[in-house]
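Some notes on the structure that comes next.
The values are calculated or read from the model by the stated rules, or taken from the named source; none is laboratory data. The shown structure was predicted, so the numbers you read here are calculated from the model rather than taken from an experiment. Using ideal geometry, Cβ is built from the backbone for each residue, glycine included, and neighbour counts are taken over all protein chains shown. Just so you know, the surface numbers come from the protein's heavy atoms only, side chains and all, with ligands and any DNA or RNA stripped out. Shrake-Rupley method; radii C 1.70, N 1.55, O 1.52, S 1.80 Å.
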Amino acid sequence: MTDRTTQAGPAPFTAADFAARLQQAARSAEAAGLSGLLLTPGPDLLYLTGYAPVAITERITMLVVPVDGAPTMIVPRLERPDAEETPGASVFRLADWSDGSDPYEATAKLLGPGRYALSDSAWAMHLLGLQGRLPDTSYVSMTTALPMLRAIKDDDELERLTAAGAAADAAYGEIIGVRFAGRRETDVGTDLADLLRRFGHSQVDFTVVGSGPNGANPHHEMGDRVIQHGDMVVLDFGGLKHGYGSDTTRTVHVGEPTDEERDVHEIVRRAQQAGFEAVRPGVECQEVDRAARALITESGYGEYFIHRVGHGIGLTTHEPPYMVEGERQPMEPGMCFSIEPGIYLPGRFGVRIEDIVTVTADGGRRLNRTPHEMAIVE
């Protein structure tokens, strides 16, 4: 790992970093048979240039990365000063357009005929505007054409993801010491969000607190239900630290669990371990899902595991690759993704255990280190 850490955290990415990413993106586009890439505000543009407009509005901002030639970013004239200050500004050309002029005509001048991959975050009005000016072009979504554009993390990205995971672990270590019984899910969720910020998160994306029957809904975030003695409670939380994501889940119990609750939790724990043990370079992503799912199915709970086993993480908390049946993308060192099997018994309780894992040269490494055993809380 490169030594670019400062007392305040990892050193910022440099123009050289963005130049290397842009070159790799152009090579990937060429290998995919594309004429180039079109990046609008969102994670792809941030990854390739370091630029994130203060506000995303109807005014078009677009980076054009041709397979042959220099990248050019067009921005509204009033936003040009901000674009000129972005860390990657020296590695692309900058153009602008003014209110009252035709932004699509100005953008079309940067493109030739051909087939382009377009950011998934692009507005439909911008795509339709370009299509109207360039009838000899066609477009495909970035995720469809280049799903692995941001999937392989370098050492500096791994440093950020590791720090985000450690911060989430620290938040979990604190939350299991607070009182659960007699408090609302929203109270515990607020505690979790505060803890994530205390441990360095600049952004909290979600705090799932699913108590009792609410835990059987994987996407229940938090509500006004009062947590009771005897509840199983699913805690799933994460956000961004140093610009990179955290996402971890542990399931705790208020007071002593029943034998059934212990058994279900142990099945999920073993399934999570089975998924982790399937992580190896060259193995298809779907094998992680298969390994965890097989154990849950063999234990008689297959119908209650109702989602994929994992998703990639980086600048966003959900991104390719996805660890799901049918995903034949081979794992490669530097990929980072969640492994989060669960069992959800409607009207009763749910259990989920999740770690972020990165692929290494010979297996996997967990970025979350908190115990998988069920914690008993008050």
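Axis angle, to the nearest 10 degrees, between helix 259-277 and the longest C-alpha principal axis of the chain: 40 degrees. Summed over the residues of the chain and divided among them, the accessible surface reaches 42 Å² per residue at a probe radius of 1.4 Å.
The simple Förster model, with R0 at 22 Å and r as the Cβ-Cβ distance, assigns E30 and M148 a FRET efficiency of 0.90. Heavy-atom accessible area for L128, with the other protein chains in place and a 1.4 Å probe, reaches approximately 110 Å².
Fully extending the segment from I376 to S98, taken as 0.36 nm per residue of separation minus the present Cα-Cα distance, adds 94.0 nm.
Highest mean first, how do 187-194, 243-250, 306-313 rank when packing is the count of other Cβ atoms within 10 Å averaged over residues?
So the order, starting with the most tightly packed, is 243-250, 306-313, 187-194.
Size descriptors for the chain: radius of gyration and Dmax over Cα atoms are 22.7, 70 Å. Using a cutoff of 8 angstrom between alpha carbon atoms and counting only pairs six or more residues apart, the relative contact order for segment 273-361 works out to 31 percent.
For segment 1-108, a Kirkwood radius taken over Cα pairs fed into Stokes-Einstein (4 °C, viscosity 1.567 mPa s) yields D = 88 µm²/s.
Per the Debye calculation on segment 88-191 with a single equal scatterer at every Cα and no solvent contribution, log₁₀ I(q)/I(0) for q = 0.20 Å⁻¹ amounts to -1.11. Bridge orientation summary for the chain: considering DSSP beta bridges with both residues in this region, about 75 percent are antiparallel. When the chain is treated as a Gaussian network with alpha carbon springs shorter than 10 Å, the biggest mean-square fluctuation among G350, G275, G302 belongs to G302. Converting phi to 3J(HN,Hα) with the Karplus coefficients 6.51, -1.76 and 1.60 and the offset θ = phi - 60°, segment 167-179 yields 5, 5, 4, 5, 5, 5, x, 7, 5, 6, x, 8, 7 Hz in sequence order, with x at every glycine or proline.
With contacts taken as Cα pairs under 8 Å at a separation of at least 6 residues, the chain carries a relative contact order of 15 percent. Dividing the helix sum by the residues of the chain, where each DSSP H run of 4 or more adds -39500 (n - 2.57), gives a mean residue ellipticity at 222 nm of -9500 deg cm²/dmol.
Cα-based values for segment 138-252, radius of gyration first and Dmax second, are 16.6, 59 Å. Taking Cα atoms, how many degrees apart are the long axis of helix 15-31 and the longest axis of the chain, rounded to 10 and kept between 0 and 90? For 15-31 against the chain, the angle is about 90 degrees.
What's the angle, to the nearest 10 degrees (0 to 90), between helix 124-133's Cα axis and the longest principal axis of the chain? Approximately 20 degrees, to the nearest 10. Computed about the Cα centre, the dipole magnitude for the chain is approximately 460 debye when only Lys and Arg (+1) and Asp and Glu (-1) carry charge, each at its Cβ.
Reported to the nearest whole Å, the Cα centre-to-centre distance from segment 105-144 to segment 255-304 is 43. Nonpolar atom fraction for the chain, defined as the carbon and sulfur part of the 1.4 Å probe accessible area, stands at 50 percent.
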